[in-house]
Amino acid sequence: MGSINIFAGGYGSGKTELALNFAINSDSQGQDVVLADLDLVNPYFVSRQNQTELKAHHVKLLAPSLKLSFGDVPQLPPKLLAEVQRENQLLIDVAGDDTGGLVIGYLHRYLQQRDPVNLWLVINPYRPFAQNLYDIKESVKQFEDAARLPFTGIISNPHLAEETTADVIRSGHQQVLEYAEALQLKVGYLTVREDFYEQLKPEYGSLLKSIKIFTRPAWLQGD
Amino acid sequence: MTKVLMKGNEALAEGALLAGCRAFFGYPITPSSEIAEYMARKMPKMGRTFLQAESELAAINMVYGAAATGNRVMTASSGPGISLKQEGISFLAEAELPSLIVNISRGGPGLGGIQPAQSDYFQATRGGGHGDYHIIVLAPSGVQEMMDFAMQGFDLADHYRIPVMIMAEGTLGQMMEPIIVREPVTDLPPKPWATTGCKGRKPNIINTLHLSPEFLEERNLHLQHKYKLIQEREAKAETFMVEDADLVVAAFGLMSRIAKRAVMDARQKGIKVGLIRPVTLWPFPEKAFQEAAEHVSKFLSVEISMGQMVEDIRLAVNGRVPVEFYGRIGLIPNPEEITRQIMKIAQQEGWV
């Protein structure tokens, strides 16, 4: 029934930016590409703020209905179960930490019908609670317990927003590789902002994926 | 030193921990909840106390009790929750209990919405509770300052025995920036007034009920004397290109950074415009405005509200210079629309 890519991880690890980018660059192979914005913690910096861009790339957005999009109540889009059981390519952007895991736990039995189910652990090692293996392991356990699914891979997303340099990416990625080894998980992608892609391509090859930034207000960039 | 990419709420919470905050009492509300969540994850492991109270009222009264023991303690909330805390804040002010109160503010009135706002300015600076009191109000403009002001806030609170509020727009609580994590504070000031057990000394009593009219007045005069001292010493503002300005834009918090963009844009267009950013909202940095009023022909207050700080600017300049206002609520004014306001004034004044 087509693939599912779930982007999970700590608050602010980059899940939303990655889900948006993967959705827009998705090779649809004739199937619908559906992005489910299941961030039910709060509506600051979420996928649903980028509807125009998604529409332009023929990505179907599943998000809390318009009237409730600024609601402060945990809510899931009404057609979620239907889309999970349909033929499509589904990308799921869940809320941070174990709150996101709860939603995946709820979808657990429907997800089993799909193949493959990629449950990505997104790590930015410059975030709090991602700075040592103890905290990473604690987050992983909390999420997996709630989701009733094991992570299948890691997306390394090391950056310091506007203060990112190639060396920040290099040493951050090194840290993620160490976590990956300890967790016995494969690193599927190293994601970097567009302007670092060419420079780092020779070093990281096909691991590298270029990311366009959507959720950051223009007035913050290059401050 | 390697920086850490933090959300404003996380940076503030970590700053409070670095400053030696021993206990957090709160009740979650968007967009402030990450402060409580951060504390819940970290404090028990540090042997400190995180307590989710049954309500905001309970939380602020727990702050009262714990602050009375001389410990550094805090609470955090957003507009509706801060309203509920007002009675407790009045009690904290009269009992002169150092404490940190955080408002990650959203739009009101009523339940309002959960989008960023600055419309709790009156509540924060006038004292939303009963009686003649003030609290110190700090308005950080970035994630680094969320951490730094949490630390400075505790210092000011202890030094003056006063509740200190940090007020930041919801966006500043939610957004991420790379910051330097400060060193932990190890040397805390002594608090001989605290209720720590009175073996071998006279009991310390912390109380706000003063039935003798003379003593009540004495207490009020004492507080007023303290507030005057704070006004003289602690009022703080940042200025940007004000020296030769014809027009000065005023904005605080995150809004001041957006306004700065507009000021730079307008300078490119040849307009002599500057910016005053009040860092302390109470005490209000009147001097910065009075000095600028010597040479500017207009002020423009830009706020995420229907116009609140604009009144303090008018009071500060006392009719010498006209003060205009531009604000929105629910949405943050962007640099382009502020630039348009600046250009509109420039046209009216005949500068272009």
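The values are calculated or read from the model by the stated rules, or taken from the named source; none is laboratory data. Not measured: the values here are computed from a predicted model. Neighbour counts run over all protein chains shown; Cβ positions are idealised from the backbone, glycine included. Quick note on the areas: whole protein, heavy atoms, side chains included, nothing else; ligands and nucleic acids left out. Shrake-Rupley method; radii C 1.70, N 1.55, O 1.52, S 1.80 Å.
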field: Odd one out for B:I258, checked against (1) out of contact with any Phe, Trp or Tyr (no Cβ under 9 Å at 6 or more places or on another chain); (2) outside any loop (DSSP other than H, G, I, E, B); (3) hydrophobic (A, V, I, L, M, F, W, C); (4) not assigned by TED's automatic domain parsing to the domain that holds B:L17
entry: (1)
query: Do any helices (runs of 4 or more DSSP H) entirely within the stretch A:47-132 hold 1 or more residues that are within 18 Å of A:N157 (Cα to Cα) and touching a residue at least 60 places away in the same chain (Cβ under 8 Å), and if so, which?
result: A:97-111
task: Kindly provide the set of residues from the stretch A:201-223 that are assigned to a helix (DSSP H, G or I), aliphatic (A, V, I, L, M) and more than 14 Å from every other protein chain (Cβ to nearest Cβ), ordered by number.
output: A:L207
- prompt: Can you name the residue in the stretch B:243-274 that is without any contact (Cβ under 8 Å) to a residue 60 or more places away in the chain and within 20 Å of B:V352 (Cβ to Cβ) and, of all such residues, is farthest from the other protein chains (Cβ to nearest Cβ)?
  reply: B:D244
- request: Scan the stretch B:35-51 residue by residue and report those that are more than 19 Å from B:N103 (Cβ to Cβ) and either within 12 Å of chain A (Cβ to nearest Cβ) or basic (K, R) (or both).
  value: B:A40, B:R41, B:K42, B:K45, B:R48
query: How do the pairs read when you match residues in the stretch B:1-12 that are at the interface with chain A (Cβ under 7 Å from one of its Cβ atoms) with residues anywhere that are in a helix (DSSP H, G or I) and β-branched (V, I, T), using Cβ under 9 Å and keeping only pairs 6 or more apart or on different chains?
result: B:K3/A:V168; B:L5/B:V143; B:M6/B:V143; B:K7/B:V143; B:E10/B:I35; B:E10/B:V143
field: Candidates A:T16, A:T52 - the one that is away from every other protein chain (no Cβ under 14 Å) and of a type in the set (S, T, N, Q)
entry: A:T52
- request: Please state which of the following conditions B:E14 fails to meet, knowing it meets all the rest: (1) over 23 Å from the mean Cα position of the chain (by Cα); (2) open to solvent by 10 Å² or more (accessible area, probe 1.4 Å).
  value: (1)
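Yes/no per residue for (1) assigned to a loop (DSSP other than H, G, I, E, B); (2) out of contact with any Asp or Glu (no Cβ under 8 Å at 6 or more places or on another chain); (3) within 14 Å of another protein chain (Cβ to nearest Cβ):
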| position | (1), (2), (3) |
| --- | --- |
| B:Q123 | no, yes, no |
| B:Y133 | yes, no, no |
| B:V137 | no, yes, no |
| B:G153 | no, yes, no |
| B:V164 | no, yes, no |
| B:D187 | yes, yes, no |
| B:P190 | yes, yes, no |
query: Can you name the residue in the stretch B:34-81 that is among the small types (G, A, S) and within 14 Å of B:R22 (Cα to Cα) and, of all such residues, is surrounded by the fewest Cβ atoms within 10 Å (Cβ to Cβ)?
result: B:G47
- request: Using the structure shown, decide if A:P77 is open to solvent by less than 20 Å² (accessible area, probe 1.4 Å) and more than 14 Å from every other protein chain (Cβ to nearest Cβ).
  value: yes
- request: Test A:L133 against the stated conditions and say whether it is open to solvent by 30 Å² or more (accessible area, probe 1.4 Å), within 14 Å of A:A182 (Cα to Cα), more than 13 Å from chain B (Cβ to nearest Cβ) and over 13 Å from the mean Cα position of the chain (by Cα).
  value: yes
query: Filtering the stretch B:291-311 down to residues that are open to solvent by 20 Å² or more (accessible area, probe 1.4 Å) and in a helix (DSSP H, G or I), which residue is nearest to B:A250 (Cα to Cα)?
result: B:E311
Selection from the stretch B:312-323 of residues that are surrounded by fewer than 17 Cβ atoms within 10 Å (Cβ to Cβ) and not in a loop (DSSP other than H, G, I, E, B): B:L315
- request: Hey, can you tell me all the residues within the stretch B:96-105 that are more than 14 Å from every other protein chain (Cβ to nearest Cβ) and either open to solvent by less than 10 Å² (accessible area, probe 1.4 Å) or β-branched (V, I, T) (or both)?
  value: B:L97, B:P98, B:S99, B:L100, B:I101, B:V102, B:N103
- prompt: Regarding B:M6, is this residue in contact with an Asp or Glu (Cβ under 8 Å, 6 or more places away or on another chain), crowded, with 24+ Cβ neighbours inside 10 Å and assigned to a strand (DSSP E or B)?
  reply: yes
query: Which of the residues that make up the stretch B:155-192 are open to solvent by less than 40 Å² (accessible area, probe 1.4 Å) and farther than 30 Å from A:A161 by Cβ?
result: B:A157, B:D158, B:Y160, B:I162, B:P163, B:K191
Output for the stretch B:137-150, where each listed residue is surrounded by fewer than 23 Cβ atoms within 10 Å (Cβ to Cβ) and of a type outside the set (G, A, S): B:Q144, B:D148
- request: Please work out if B:A59 is modelled with pLDDT of 95 or more, out of contact with any strand residue (DSSP E or B) (no Cβ under 9 Å at 6 or more places or on another chain) and away from chain A (no Cβ under 12 Å).
  value: no
task: Could you list all residues from the stretch B:106-121 that are among the hydroxyl-bearing types (S, T, Y) and either assigned to a loop (DSSP other than H, G, I, E, B) or within 13 Å of chain A (Cβ to nearest Cβ) (or both)?
output: B:S119
- prompt: Residues of the stretch A:95-107 being at pLDDT 90 or above and surrounded by fewer than 21 Cβ atoms within 10 Å (Cβ to Cβ), which ones?
  reply: A:L102, A:G105, A:Y106
query: Name the residues in the stretch A:149-169 that are surrounded by fewer than 15 Cβ atoms within 10 Å (Cβ to Cβ) and in a loop (DSSP other than H, G, I, E, B), would you?
result: A:P150, A:T165
